[in-house]
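The values are calculated or read from the model by the stated rules, or taken from the named source; none is laboratory data. If you're wondering where the values come from, they're calculated on a predicted model, not measured in any experiment. Reconstructed Cβ throughout: ideal geometry from the backbone, glycine too, with neighbour counts over all protein chains shown. Side chains are part of the model used for accessible areas, which takes the heavy atoms of the whole protein and leaves out ligands, DNA and RNA. Shrake-Rupley method; radii C 1.70, N 1.55, O 1.52, S 1.80 Å.
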Amino acid sequence: MSTLEVFFRGQIDSICGQICFKVIIPNQDVDILMLFLVYEHAPHYGISLTADTSTKEHELPMNFLSGSGCSYCLEIYGLRKKIESDREFYEYQSYGRKIFQVMKGHSASNLNLNIRLSAQECAFLPVDCASKDNLQISIHHKPNSRYTFKSNQKYQSDKTWILIFKQHGEKISFFIYTGKRLKFTLPFELNAARNCEIKAVIGSVLYESDVVRIIANEVNSEKLRFKSYFTKQEYQALLNRTLSFIKNLPGKFHTIDYLYRNKSEMYFASIREYHSGIMKPYKKDHNGDPCSVINGHIDGLFFSTAVDFQTMKPLPESLYGPVRLHIDASTLFTPNFNLYFADFYCHYRVHYVTVVLTPKRSPTDKFCEGRLLKLDIRQNPFIYLSETKEDFYEVIVYLSNGLRVEVFYTEAVNISRIIENQQGHFERVPIIGRGESRPTGIPKNNLCKICNL
């Protein structure tokens, strides 16, 4: 198989000697080489370089100190140019890495190093073993599966951002972005429910021509790991799994009187004292499926519908606190709300269905409409409204020992008014387990064959 050779030369002790890297590329399907050359334990001191493989000789504007005791780390990526959605980027083809020192004796002579690139898949991102900077990168998702990355870090002048992105099962992608602040959208959609990671190497351009660009490194970011969200297609598959599970359960539909919420005494005391009796929604945690698109994106309050099958009343014990707020189910569950299927998961025993209850035409409704599956609020397999002969509404829920329906209600609740209007009441209940919820939530059991796609 034919190979390609490209040479990079730099100075040792400014003028005394020369170092030469011969890069051996195993195939011809490489358009550029991207080099990350840094002190092994100080990635701020180094360069990032992109070089066109059509030019076989390149000069490095870097002085290698002999006898310093410092190790240099050189990583080289062979990349192929791609264009999607009119945006140019580079895709991984091969990789090589070498750690070396320049000994004192090399100051009066030349040092030649060969680096043969391997076409095997590379498992880690550049400059990954060195110390890193805490650059905050946020993720923004838009249906179906478009992702934008932003950072609040703003520079006085334009910087060059080398963004390195990896999706499990796919090749590493490299993007070169110029700007004072990061706001970058991937030019392709992501597969759902995939582990992903992204990082940035940021610097200032030292030299640029038609065939080479050299950047002085200033920031080497931490990797941001995330999992790509479900699209409606995956939600439909998850809903189908839920319905198949329900078919095999001994359960029934039943009218419930209350939606209820268990919390600590301090939680409800704080609402009375500091929030005028108004229970405000807050960001959905990461409880349940990590691919659920509502995690960290919409605000709400969880309410339980679970009942004891002998009494048909709310469960006698609480996992989340000794104070229980009961609210008449029909007070929260009304026809001017929309209902969405949002999750199906388990924590090793009982399975849970999460539905989102949000006012029609609200911002949250618009968010859910584009991302979740809408349920008929008057007829669905989980929880729905039924109109009585007296023109009142009852809330009907599917009850089973193996399944619990939880409602994520996206509006603030005026507890003082609820109590005053006799639409709800408080009750003390014994606690079991931790007696409180975990701040970040509990991820689903990823070994369950029932609720995992």
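Structure values in brief
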read-out	value
Placed amide H near G17: partners under 5 Å, 5+ positions off or other chain	I12
Within straight-line cross-link reach of K223, aspartates and glutamates at Cα separation under 15 Å, skipping those fewer than 8 residues along the same chain	D128, D133, E197
Rg and Dmax [Cα atoms of segment 349-453; Å; Rg one decimal, Dmax integer]	16.9, 48
Relative contact order (percent, whole number), the chain, Cα cutoff 8 Å, 6+ residue spacing	13 percent
Intensity falloff of the chain expressed as log10 I(q)/I(0), Debye formula with alpha-carbon point scatterers, at q = 0.13 Å⁻¹	-1.09
About the Cα centre, charge dipole magnitude for segment 299-393 (Lys/Arg +1, Asp/Glu -1 at Cβ), debye	200 debye
Loop chymotrypsin sites (Phe, Trp or Tyr not before Pro), segment 341-371, which have at most 16 other Cβ atoms in a 10 Å radius of their Cβ (DSSP)	Y348
Segment 434-453 and segment 377-395: distance between their alpha carbon centers, rounded to Å	30 Å
The chain - percent of accessible surface contributed by carbon and sulfur, probe 1.4 Å	47 percent
Angle between the chain longest axis and helix 232-247 axis [Cα atoms, degrees, rounded to 10]	40 degrees
Accessible heavy-atom area order of M103, M266, M312, M62, highest first, probe of 1.4 Å	M266, M103, M312, M62
Inter-probe distance in nm under a simple model that places probes 7 Å from Cα toward Cβ, at E59 and R87	3.5 nm
Eligible aspartates and glutamates near K313 by straight Cα distance, threshold 12 Å, same-chain separation 8 or greater	D257
Simple Cβ-charge dipole of segment 125-171, Lys/Arg +1 and Asp/Glu -1, about Cα centre, in debye nearest 20	200 debye
q = 0.11, 0.20, 0.24, 0.26 Å⁻¹, segment 22-92: log10 I(q)/I(0) [Debye, one scatterer per Cα]	-0.35, -0.92, -1.12, -1.21
Simple Cβ-charge dipole of the chain, Lys/Arg +1 and Asp/Glu -1, about Cα centre, in debye nearest 20	340 debye
Centroid-to-centroid separation of segment 252-315 and segment 193-213 [C-alpha atoms, Å]	44 Å
In segment 371-453, trypsin sites (Lys or Arg not before Pro) in a DSSP loop with at most 11 other beta-carbon atoms within 10 Å	K389, R434, K449
Kirkwood-Stokes translational diffusion coefficient of segment 225-288, alpha-carbon pairs, 10 °C, 1.306 mPa s, µm²/s	97 µm²/s
Unsatisfied cross-links (Cα-Cα over 32 Å) in the set K22/K150; K22/K227; K98/K166; K98/K142; K81/K104	K22/K150; K22/K227; K98/K142; K81/K104
Probe 1.4 Å - accessible area at E57, Å² to nearest ten	90 Å²
Simple spin-label estimate for R417 and D29 in nanometres, 7 Å along Cα-Cβ	6.4 nm
FRET efficiency estimate (nearest 0.05) - Cβ-Cβ, F124 to C448, R0 41 angstrom	0.85
